[in-house]
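Working notes for the structure below.
Computed from the coordinates by the stated procedures, all read-outs in this text should not be read as laboratory data. All values reported here derive from a predicted model rather than from experimental measurement. All Cβ positions, even for glycine, are placed from backbone atoms using ideal geometry, and neighbour counts span all protein chains on display.
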Amino acid sequence: MDKFEIIIIGGGHAGVEAAFACARLNKKSCLITNSLSDIGKMSCNPAIGGIGKSHLVKEIDAMGGLMGIAADFAGIHFRVLNASKGAAVRATRSQSDRVLYSNKVKDIINSEHLLTVVNCEVSEVLLSNDEAHGVKLTNGETIHSKKVILTAGTFLNGKLFTGEEEQEGGRIGDKPSKKLADFLLSLDLKSGRLKTGTPPRIAARTVNWAVTKEQPSDFPRPTMSFVTNDRVHPKQMSCYITRTNTRTHEIIMEGIEKSPMFSGKIEGLGPRYCPSIEDKIHRFSDKDSHQIFIEPEGLTSKEIYPNGISTSMPKQIQQRMVNSIQGFEEAVITKYGYAVEYDFFDPRELNHTLETKKIKNLYFAGQINGTTGYEEAAAQGLVAGINASLTIDEKQPWVPKREESYIGVLIDDLVTLGTKEPYRMFTSRAEHRLLLREDNADQRLSPIAKKLGLINDKRWMNFNKKLEDIEKEKERLKNFKLSPYQINKLHKKSKAKRQTGVSAFELLKRPEITYEDLCEILNISPEKSEIALDVTTNQKYSGYIQRQKKEIKKVKKNENALIPEQIDFNQIEGLSNESKQKLSLVKPKTLAHAQRIPGLTPAAISLLLVHIKKKSLQKDNVA
Amino acid sequence: MQNISDTIIACSSPLGRGAISLVRISGPNLTFLGQKLEVKNLIDRKAIVKEIQLNKDFKEKCVLTFFKGPNSFTGEDVLEISCHGNPLIVELIIDSFVDLGCRRAGPGEFSLRGFINGKLSYLEAEAIDDLINSENELQLKASARSLSGAFEKKIDNFIGELLKLRIYLESNIDFSDEEIIKDFKGFKMNLNTFAKKFNDFIEDSNASRYLLEGVKVVITGPPNVGKSTLMNILCNKNASIVSEISGTTRDIIQRSAKIGNINFLLHDTAGITNTSEDPIEKEGVFLAQELLTNCDLVIEVVDVFSREYSGDYDKPVIRLENKSDLSNNLNKERINASFLKNTGIEELKLEMLEKLNLPRSLGQNTFSARSRHTKLLKMVKEELSEASNLDSENSLELIAENLRCASNLLGEIKSPYTSDELLGEIFSSFCIGK
């Protein structure tokens, strides 16, 4: 077969984003998947975005990725979460038509002429001297490459559980990648087990919609990508809400010992924040009802996805439980819920580029690193794809920073903290949350994307136009001084304190004054909503933003304090064995990075400092 | 940078003559010293009497007390040598141990080792420094309480309570779609209660800082009203040149005066005349203004001839009128005094203590808060008051940001973040031997 520069194993959300990034950086690459039809498949609920996650999608989009575009082309329901709260924590969530989504992803992937898609199964990664240089397929063939990106998702030693039934697989109807898993286990990388689950799917025609609560798509309809608009959205559908009740909970409690989660069959830890219904009822026994979002699976799908009752109970119990719920009395289950338990590798054995520390040229991205969610997977795929490409060109890698993007937070958290449960993004994970908004993802990342060559000139021009418009709007508002009459009006409207001699721009800082109020009172036409939002938010946040920038500067000082690469943490005098182990595993490159390692005391950090200073003194003396 | 694994030695008692001096040795393994001293076994926590040959014709009878690491102050093996309190003997002992392979310790090295080996928290190390430098009983008590970990515990409690408040906010932000308790009013009440509790604590800490570092007082007012005289009276010293020529005081003069149990650091400023063209005097005015922004208390002195003088200060201020003996009508807005006749001074002293708003329990519950701490505590207070003023559910993310910063700042009290701070300041400000 041909020689490729980069091989990507897996066609899930991490795999396609990695492959697309490689293609955009002009790398001849090969995506190998077990199943061509499953490229870009949404194996859990058909939703993209949500709080913290939509931030990732917008950032991937700003870096020229495909997820946001596909979500817009496939989105049949859009909603802004936290709409009443400040801009930093507002988040877009979309429901996708599964088929449309996967087709759009395939379209994008197939239009890249440097990218070859191969339908095969990989059995091992070719190694020599701890360097990867290609893969071996189960049919015995080998394909060579300079880099290998592994995005095997939940397919490594995947086990599916429904009640007491147990079968091997990464997703219902798919075989697990056992050979590859065995090979990877032989590499002596630290691994663990995690679990995740899905709810039963229900035939849409059997739902009694009349007793559920409708939740229509938002208007104006938001988009996931900076380069699309709502005209690319297909027809919109509503979501519906129903609830569990005491009867449901009784049915579950009766059969709880049959759940593999409780019988001890599943060892892996599930996500605390996305628990199965049996877990929720067990843990929050004082609550007699839980909310269920009934999500459409697609325009043509005959199934619905009842979000909130993920379960691995025996089929018969699932049926009774579903039928006990209002609106589901006559519901027919089309696929039973199940839990998946799978291998993941300790992400602390990765560099910030997602290259493994042990094996050069081998990158890990996606669920294999202990994350959950399409968005988290895609973000890692992007980072791995970009860095694999950059290093081939002998360029500096792209290490996204915590203060620059949620992608940076994600990567840094993974490689520094590792994870015990499936890692999901939340806004509270980002200490610079106020700077990392959905709406300014393009401002934060476009210059980087442009420099790396990930976005085209047209997009760059449009982006610069937006920046100009923002500046113009700021100037316009700065030049408006309110008349006493206008101040009075503003006071009546928003109970704002009367203040003279202040510009409209200054007034925007006050929490009670909105952009719309100002435009109305000044009798001026409002700018486009994205421009208005940016100007307003930056004013409202200005004091906080200044302080965050100060904090970043302070951290930067320690971020610039480099830990020598050849350091042997075991040689540090006085350091406890536990601290030595932690440092040796994470191998922090900067003092700031070391400080983020959980459980390292200030005393341990001081010892590290003393050691480094001493070593550098010795070096100076020799020199 | 110091070596941290060799054996260090220093005299731990004050230099000078006394009944006993204490020489302390710390190192990872002191068995080698035992051999050289011909003591068969150094036994943990056992004192032995031993004659040490210091030079050819001189032996000193010492008491050796051994502490086996990690159960010692530094976490290493520690040997304490008590000898007769003569600097010459101490030097001879240290010399002879240096010959045996010990190194003279630098400032703060014993504490540094204690910190590094997890025997002392950063706050405790600071408290040791305070304890040793205590000048009065209150300081002593306060630093002892800090050393016992009470201050740290208090900070930990605040961090814990903040965490609870933050959890409410963060879950409302990150799980707004789920059914979680959305009781903003209740949250605001909890936040305000917390802020109040914290402010009380700050007042206590301020009081502690007064105990430890003294109260900075600026004496200000128009020229030639007797500011320098007042300073001399309060200090019982002839500190500034007192004359009848207006503008005699050009530089800032600092003296300390003890009133009650508190040290007042008095700063006598140049009489502020903004009109002066004299560069030296201008400089004095500039310094005075800087002092005014950093002080704890202002005493504004006028005399009966300059009653209309009145400055604006954003600090607690005591207004006093001198030369009241020269006028028949009293100024009700000021303390009436005559420095010449020594009247009104006691009233002023009482007022100075009063203005500090010291808690009644001063010295009972206070901690040895340093200005490093009070500075951070003040920043926390600002974050909390900003959060309390955000009165809208729409600003959850901003309140959350205030509380996150507050929590970080409290964390910094326990242990500074930046590398320079962490290693630099406190340990090098220590004396040798601590």
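Below is a table of values for the structure above.
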read-out: Sequence of A:Thr196, A:Thr300 once ranked by neighbouring C-beta atoms within 10 Å, starting from the fewest; value: A:Thr300, A:Thr196
read-out: 14 Å beta-carbon shell around B:Ile52, net charge (K/R +1, D/E -1); value: -3
read-out: Candidates per trypsin sites (Lys or Arg not before Pro) in region A:398-477, loop by DSSP, up to 14 other Cβ within 10 Å; value: A:Lys420
read-out: Averaged over A:82-90, number of beta-carbon atoms from partner chains that fall within 10 Å; value: 5
read-out: Local electrostatic count at B:Gly186 - Lys and Arg +1, Asp and Glu -1, tallied over other residues with Cβ under 14 Å; value: +2
read-out: In region A:1-32, the trypsin sites (Lys or Arg not before Pro) that fall in loop regions by DSSP, at most 11 other Cβ within 10 Å; value: A:Lys3
read-out: Spatially near lysine pairs across region B:8-120, Cα under 13 Å, sequence gap of 8 or more or different chains; value: 5
read-out: Across B:Lys164/B:Lys381; A:Lys287/A:Lys315; A:Lys265/B:Lys182; A:Lys104/A:Lys302; A:Lys28/A:Lys159, pairs whose alpha-carbon gap is larger than 27 Å; value: A:Lys265/B:Lys182; A:Lys28/A:Lys159
read-out: Among the listed pairs A:Lys587/B:Lys154; A:Lys53/A:Lys395; A:Lys582/A:Lys615; A:Lys466/A:Lys554; A:Lys357/A:Lys615; A:Lys53/B:Lys185, those beyond 26 Å (Cα-Cα); value: A:Lys587/B:Lys154; A:Lys53/A:Lys395; A:Lys466/A:Lys554; A:Lys53/B:Lys185
read-out: Among B:406-416, B:148-158, A:229-239, the order from most to least packed when residues are scored by Cβ within 10 Å on average; value: B:406-416, B:148-158, A:229-239
read-out: Among A:547-554, A:202-209, the order from most to least packed when residues are scored by Cβ within 10 Å on average; value: A:202-209, A:547-554
read-out: Sorted by Cβ neighbour density within 10 Å, fewest at the top, the residues A:Tyr541, A:Tyr338, A:Tyr273, A:Tyr374; value: A:Tyr273, A:Tyr541, A:Tyr338, A:Tyr374
read-out: Region B:8-120: equivalent-ellipsoid semi-axes (sqrt of 5 x gyration tensor eigenvalues, Cα, Å); value: 21, 16, 12
read-out: Shape category assigned to region A:429-476 from the gyration tensor of Cα positions, a/c cut at 1.5; value: oblate
read-out: Protection-proxy order for peptides A:186-194, A:38-46, each taking the mean of Cβ atoms within 10 Å per residue, highest first; value: A:38-46, A:186-194
read-out: Chain A - convex hull of the alpha-carbon atoms, volume per residue in Å³; value: 190
read-out: Exposure proxy ranking, count of Cβ atoms within 10 Å, fewest first, for B:Leu358, B:Leu326; value: B:Leu326, B:Leu358
read-out: Listed pairs A:Lys41/A:Lys106; B:Lys141/B:Lys197; B:Lys196/B:Lys414; A:Lys358/A:Lys451 exceeding 18 Å between Cα atoms; value: B:Lys141/B:Lys197; B:Lys196/B:Lys414; A:Lys358/A:Lys451
read-out: Cut-off 13 Å between beta-carbons: net charge of the residues surrounding B:Lys36, Lys and Arg +1, Asp and Glu -1; value: 0
read-out: Neighbouring partner chain Cβ atoms per residue of A:574-580, average, 10 Å criterion; value: 2
read-out: Residue mean of other protein chain beta carbons inside 10 Å, A:589-600; value: 1
read-out: Cα gyration tensor shape for region A:524-575, rounded if a/c is under 1.5, else prolate or oblate; value: prolate
